[in-house]
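Here's the structure we're looking at; comments come further down.
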Amino acid sequence: MRSSQRQAQHQAVVAFGCSDSSALTVARAALPQGSLVRAVRRVEEVLRQAAAGAGIMGEAALVALFQQGSAAIKRDVVFAASLYL
């Protein structure tokens with residue numbers, strides 16, 4: 001993936017995390033929808049793992065912060081069990 005594509009993907013994931021709808025995020029980004037869905041899912045997974053690691057270290061404030069970030073992006077059709085609803 002080229003640098004410009006990574007930057008566009010990063011900006012799209014940040015926009016989605018800031019409560020933009022998935023349709024609006026996909027429309028703005030010049031990337032395939034599947035790539036964005038995969039990126040958002042990966043970010044959510046990293047946030048869950050970071051929260052677990054912070055919990056092991058006893059950092060309650062970090063756990064809450066990571067869980068808040070995870071909850072902010074775990075919504076919309078991106079996390080639907082099936083896209084054929």
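The values are calculated or read from the model by the stated rules, or taken from the named source; none is laboratory data. Owing to the predicted nature of the structure, the values given are computational and were not obtained by experimental measurement. No Cβ is skipped: glycine too gets one built from the backbone with ideal geometry, and neighbour counts run over all protein chains shown.
Just to be sure before I move on: is Asp76 touching a residue at least 40 places away in the same chain (Cβ under 8 Å) and of a type outside the set (Lys, Arg) in the structure I sent?
Yes.
Tally time: how many residues in the range 18-48 are at pLDDT 80 or above and assigned to a helix (DSSP H, G or I)?
Selection size over the range 18-48: 16.
Name the residue that is nearest to Asp76 (Cα to Cα), counting only residues in the range 44-60 that are surrounded by 17 or more Cβ atoms within 10 Å (Cβ to Cβ) and under 18 Å from the mean Cα position of the chain (by Cα).
Among them, the one singled out is Glu44.
Which pairs turn up if I take residues in the range 1-30 that are within 24 Å of Gln68 (Cβ to Cβ) and look for partners that are among the hydroxyl-bearing types (Ser, Thr, Tyr) and not in a loop (DSSP other than H, G, I, E, B) with beta carbon separation below 8 Å, at least 6 apart in sequence or on another chain?
Here the result reads Gln9/Ser35; Ala12/Thr25; Ala15/Thr25; Phe16/Ser22; Phe16/Thr25, each pair linking the range 1-30 to a residue that is among the hydroxyl-bearing types (Ser, Thr, Tyr) and not in a loop (DSSP other than H, G, I, E, B).
Among the numbered criteria (1) within 14 Å of the chain's Cα centre (by Cα); (2) buried (at least 18 other Cβ atoms within 10 Å of the Cβ), which single criterion is violated by Val63?
Here Val63 clears every test but (1).
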